[in-house]
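The values are calculated or read from the model by the stated rules, or taken from the named source; none is laboratory data. Nothing here was measured: the structure is a model prediction, and the numbers come from that model. Glycine also receives a Cβ, built like all others from the backbone with ideal geometry; neighbour counts cover every protein chain displayed.
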Amino acid sequence: MTGSVIIQFIQSSIAQGTPLLFGSTGEILTEKSGNLNLGIPGVMYIGGICGVIGGFLYQQSTTKVVPVLAVLIPLIFSLAGSLLASLLYCFLTVTLRANQNVTGLALTTFGVGFGNFFGGSLIKLVNSDVPSIALTKIAKAYKQPLPFADKLGWFGEVFLSYGFMVYLAIILAVVASWFLKKTRRGLHLRAVGENPATADAAGINVAKNKYYATCIGGMIAGLGGLYYVMDYTNGVWSNNGFGDRGWLAIALVIFSMWKPNLGIIGSYLFGALYILFNYLSVNIAMMHIIQMLPYLVTIIVLIITSMRNKKENQPPASLGLSYFREDR
Amino acid sequence: MKMTENATVGEKRSGRNEKRSKEPLLHITKRTDIPLSRAIIIRAVAVVSALVFGGIVTIFLTGDNPISIYVTIFEGAFGNSTRIWFTFQQIAILLCISLAVTPAFKMRFWNIGAEGQVLIGCLATAMCMFLLGDIMPTWLLILTMTVASIAAGIIWGVIPAVFKANWGTNETLFTLMMNYVAIQLIECFLKIADKSGSNTVGPDKLNNGWLPNLFGQQYLLNIVIVAVLTAVMYIYLKYTKQGYEISVVGESVNTAKYIGINVKKVIIRTMALSGAVCGLAGLLLVGGTSHSIDSNLADNRGFTAIMVSWLAKFNPIMMIFTTFLIVFLERGADEISSKFGLNSSFSDILTGIILFFIIGSEFFVQYQVHVNKNHRIFAKTRKER
């Protein structure tokens, strides 16, 4: 491989890994509160399409696209969309104590449908005459690389050539790691996920912690969808284009053993495995065997962690269970 | 949120004026048992309000009048005899997968890998048709397909079960990952079987080993098989020793161990059963209906089945109704979206809405909300009087 191919490989691994990183950081935060939110793939679709709706309405309403607004409007729409979806999940599982798996899967069905529906019908619904949703001007604002990116040779290309959301994903993962490990609130959150009854007895508000963790986690995950449409695909929404990345993000949670900072490396590794076949001269059937690798690796990690049974690498003890104070 | 936080302040304090402001407005208790009629009414109210809400959303999006929308939904599912047959075929397949996941769920084994287990059954069937189609007589081929698809489903189901039974590996995440391994295996097969690079292998290549038509109806055999399966599963869960063991393990693993049930064996055996029925669903899909294979053939039914089974409280007879409801809505919503030129994912939105309503309604079946008469809101109004 020559140098430029290696640089290109790293760049596309990072581009592939970033949505996964957003998704897994959000899901780790959620799972630490004991909520196994299987609605994350749906939330990521909702985050993506809400950003598209915001951007589309903005681009239709104005002739001159201001970069700051072009970034902010889709961002706010996306956050609001994923917040509402997460609130719905919280209301059903925490307040109404519904089964988390069922609620999560329903949210994924709904979210993916919501994304594809508005992606496919938005133009008709607002009576516009454009042939397809192409938010190229807005995407340009999202893809604006850091300064000096093109002046620093390979260093600039590998580290500085991405839109701001790539860096945001890393920052969020580091902050989430620090929050969970080093702060009192993080400790409380982990206590809720491990043993809500004990946390409750210690005076920690279980429901509030679950709500906050799930909603903030959902909003972070939704950003993964936004990154995908605005940066990765240059503002072009295609139905089902996001694919199974939401589930891959959940796989990544296991792979990184519920540690957001490990998720940074994990996501780029998954991203690399996702695109590896482009760089190997294999036939098209083998390509799918290679695409299977992220899942196989996750299964192996899952098996090894459960066999070694080390306390710090386990899923939160009450993951997937609703908490009712009178139930014991 | 308020009510969960304050759910259980003791009732002893009621009446003491100085403590009055601390008492919660709402108090929640678990129902010990609820009359069946009451539970049915609560669920019916949920379904009706979901339909009304879904109708409002549809009106908002299409601008059509409500009656015409409901008529369209009904016509989509039952408009003519082709549609009726197709609707019942869809019900049969979804019901079959729902039956498959039920024993595992009753055991509290969260198998969300039904999608993968069905797909691997599809793959096994298609591979038999593709490789052995020319060299075997049809009856032997169908027999081989049946054995292969069921075996494939069992393998896909048992792998996570073995790890769960021996090392407590998280089965939800494990089975989830197995789905995508199955999908990639199918993609791989498609590329090998069809060198042109298309995403499906159709009836022209899988031209032998089609399940026979009953009375000239292509879908009737599937429907009959699933109907028999429903009855068998109902009896198995309710009246057999193994069915009883499943519910004991589901209620409490410790109790099961105490009374001498081999929990590991029950977990593995039940998942083998789950996988086998999923594999069978794969056979019915490829051999009985589509005669083609692509990686989207299960169409997320593995996930929908989980919700169907849960909504029916793991009761196979109730499942007939819940599957009917979901399929009816899907078919109806498809009709609406094609009539108004909207995207076909509209049915997912409607399904999502109805699921959210029913999931929410379960709270009122399981818990009772008491309004605290000593709360300051009521106290104030009393003073004013």
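Quick notes on this one:
- Qualifying positions in segment B:310-361 - closer than 20 Å to B:Val277 by Cα and facing chain A (nearest Cβ under 9 Å): B:Trp310, B:Leu311
- In segment B:276-283, the count of residues that are β-branched (Val, Ile, Thr), in a helix (DSSP H, G or I) and crowded, with 18+ Cβ neighbours inside 10 Å is one or more.
- For segment A:229-245, a residue qualifies if it is among the basic types (Lys, Arg) and farther than 12 Å from A:Tyr45 by Cβ, but none of them does.
- Segment A:259-290: number of residues that are at pLDDT below 80 and within 13 Å of another protein chain (Cβ to nearest Cβ): 8
- The residue that is surrounded by the most Cβ atoms within 10 Å (Cβ to Cβ), counting only those in segment B:219-264 that are of a type in the set (D, E, K, R) and free of Cβ contacts under 8 Å to residues at least 24 places away in the same chain, is B:Glu245.
- Where a residue in segment B:165-190 is touching a residue at least 24 places away in the same chain (Cβ under 8 Å) and at the interface with chain A (Cβ under 8 Å from one of its Cβ atoms) and its partner, wherever it lies, is surrounded by 21 or more Cβ atoms within 10 Å (Cβ to Cβ) and of a type in the set (Lys, Arg), with Cβ under 8 Å and at least six apart: B:Phe174/B:Lys164
- For first residues located in segment A:316-327 and on the phi > 0 side of the Ramachandran plot, partners that are of a type in the set (A, V, I, L, M) and lie 6+ apart or on another chain with Cβ distances below 8 Å form the pairs A:Gly320/A:Leu36.
- Residue tally, condition assigned to a helix (DSSP H, G or I) and either within 14 Å of chain B (Cβ to nearest Cβ) or at pLDDT 90 or above (or both), over segment A:194-208: 8
- From A:Ala221, A:Ala251, residue being part of a helix (DSSP H, G or I), within 10 Å of another protein chain (Cβ to nearest Cβ), aliphatic (A, V, I, L, M) and closer than 30 Å to A:Arg185 by Cβ: A:Ala251
- Scanning segment B:331-355 for residues that are farther than 13 Å from B:Gly55 by Cβ, crowded, with 23+ Cβ neighbours inside 10 Å and aliphatic (A, V, I, L, M) returns a single hit, B:Leu355.
- Lone unmet requirement of (1) surrounded by fewer than 24 Cβ atoms within 10 Å (Cβ to Cβ); (2) in contact with a Lys or Arg (Cβ under 7 Å, 6 or more places away or on another chain) for A:Asn101: (2)
- Unique match (being in a loop (DSSP other than H, G, I, E, B) and either of a type in the set (Val, Ile, Thr) or within 25 Å of A:Tyr89 (Cα to Cα) (or both)) among B:Ser344, B:Ser361: B:Ser344
- Test: A:Leu302 is farther than 26 Å from A:Leu168 by Cβ, surrounded by 18 or more Cβ atoms within 10 Å (Cβ to Cβ), facing chain B (nearest Cβ under 10 Å) and not hydroxyl-bearing (Ser, Thr, Tyr): yes
- Only one entry of A:Ser24, A:Ser13 meets the criterion of being hydroxyl-bearing (Ser, Thr, Tyr), within 30 Å of A:Asp200 (Cα to Cα) and part of a helix (DSSP H, G or I), and that entry is A:Ser24.
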